[in-house]
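Worksheet for the structure shown next.
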Amino acid sequence: MSAFDYVRAGSIEEAVALLGDPQWVSQPLAGGTDVMVQARHGPVHFQRLVDVSRIPEMKVIARHGDEIYIGAAVTYTEIMESRLLQETATCLVEAARLVGGPAIANAGTLGGNVGNAAACADGTPPLVCLDAVAHVRNLAGQHAVPVAELITGPHQTALQRGDLITHFTFPVAPAGARSVFLKLGRRNAQAISRLSVAAAGALGGNGRITFARLAPGSALSRLRRFTEVETMLIGEEPHQALFEAAGAQASHVMELATGRRWSTEYKEIALHGLVARALRAIFLNPEN
Ligand SMILES: Cc1cc2nc3c(=O)[nH]c(=O)nc-3n(C[C@H](O)[C@H](O)[C@H](O)COP(=O)(O)OP(=O)(O)OC[C@H]3O[C@@H](n4cnc5c(N)ncnc54)[C@H](O)[C@@H]3O)c2cc1C
């Protein structure tokens with residue numbers, strides 16, 4: 001394991017000052033479930049870890065008007081246990097339930113999931129589906145970036161040295177909206193088993209779809225909403241044939257973006273099925 005220094009920050013201001021100190025190459029540490037594994041297996045590119053896992057403002061889950069606020073140091077267990085998130089962000093709660101085992105869920109954080117930006121991450125598709133924005137602080141000030149723009153590729157983000165994600169916000173979905181997160185089983189170790197889908201939707205008074213969101217995980221090199229599929233759902237009555245068509249369209253969008261590879265045949269079928277299942281769960285089987 002590489003040698004490095006460690007310091008715990010008690011506040012966002014202290015963390016930003018430590019991360020921006022030019023004397024050190026520093027990196028945030030939250031639960032350490034990615035950083036420590038990487039440090040154990042290879043050389044690291046930092047001299048010091050700044051522990052942000054106990055900063056009180058970064059542990060908050062709250063509603064401010066029509067916006068949900070989740071601190072970046074909130075763990076998967078805290079997400080699962082949050083009544084507010086169970087009501088407003090079911091897809092994120094379901095994703096948290098599928099993360100690792102209890103030890104990982106107790107330590108791993110949403111900020112760390114975004115910071116690590118693994119293609120197969122479970123927390124990121126729900127954030128993109130919910131149109132979440134990451135709020136970033138550094139010595140120069142603060143700015144907000146949509147999560148879909150912050151993550152620029154597998155294990156790549158637009159974060160610069162000295163940046164700290166303090167929290168995420170996303171708008172509360174329309175009344176009656178539901179969301180789900182589905183992924184293929186972890187036990188199948190092949191790459192295609194990592195496909196996931198975060199989806200949300202709502203029906204209007206006339207029984208037609210008025211709100212639709214779809215963010216597949218591990219489908220493209222860059223995470224994004226499949227607005228091409230969302231658009232075809234709006235204004236339609238929910239039924240199985242529509243969901244199958246949406247699944248086929250999602251696979252088509254994926255293939256257009258990635259081209260055909262050895263895994264495409266399997267991924268097409270898998271994504272088609274996941275999307276159709278997610279839409280069925282939202283619009284036809286609210287209790288599933
Ligand atoms: C056994 C095991 C099972 C796992 N299973 C899953 C799984 O099922 N699904 C899944 O998605 N992941 C899984 N992971 C990966 C990991 O647990 C998650 O990615 C977790 O969310 C990382 O959070 P963390 O707080 O531990 O991050 P850390 O390891 O502390 O940090 C990860 C990266 O993010 C940066 N970072 C952390 N916080 C911030 C911040 N506030 N601002 C800016 N950068 C920050 C760090 O500098 C580092 O680059 C697993 C890991 C292990 C070891």
Checking ALA177, ALA198, ALA250 against a Gaussian network model of the chain (alpha-carbon springs below 10 Å), the top fluctuating residue turns out to be ALA177
Three-way shape label, segment 36-122, alpha-carbon gyration tensor, a/c 1.5: prolate
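Quick check on segment 1-82: take the gyration tensor over C-alpha atoms, sort the square-rooted eigenvalues as a ≥ b ≥ c, and tell me if it's rounded (a/c under 1.5), prolate or oblate.
It comes out oblate by the Cα gyration axes.
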Could you tell me the extents of segment 195-261's C-alpha atoms along the three principal axes, largest first, rounded to whole Å? 42, 19, 16
To the nearest 10 degrees, the tilt of helix 264-283 (Cα long axis) against the first principal axis of the alpha carbons of the chain is 80
Burial ranking of peptide ranges 222-229, 141-148 (average Cβ count within 10 Å, highest at the top): 222-229, 141-148
For a distance above 17 Å, tell me the whole-number percent of Cα pairs in segment 154-276 that qualify. 61
Only helical DSSP H runs with n ≥ 4 go in: add -39500 (n - 2.57) per run for the chain, normalise by residue count and round the 222 nm mean residue ellipticity to 500 deg cm²/dmol. -10000 deg cm²/dmol
Convex hull around the C-alpha positions of segment 5-51: the volume in Å³ per residue is 63
Per-selection Kirkwood Rh - the chain (Cα, Å, 1 d.p.): 19.5
Would you mind estimating how fast segment 60-171 diffuses translationally, via Stokes-Einstein at 37 °C and 0.692 mPa s with the Kirkwood radius over Cα pairs, in µm²/s? 237
Zone of THR210's modelled label, taken as backbone nitrogen in segment 152-177 under 19 Å from a point 7 Å along Cα→Cβ: 171-177
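Bear in mind that the values in this text are calculations on the coordinates, not laboratory data. The shown structure was predicted, so the numbers you read here are calculated from the model rather than taken from an experiment. A quick note on method: Cβ atoms are made from the backbone with ideal geometry, for glycine too, and the neighbour counts reach across all protein chains shown.
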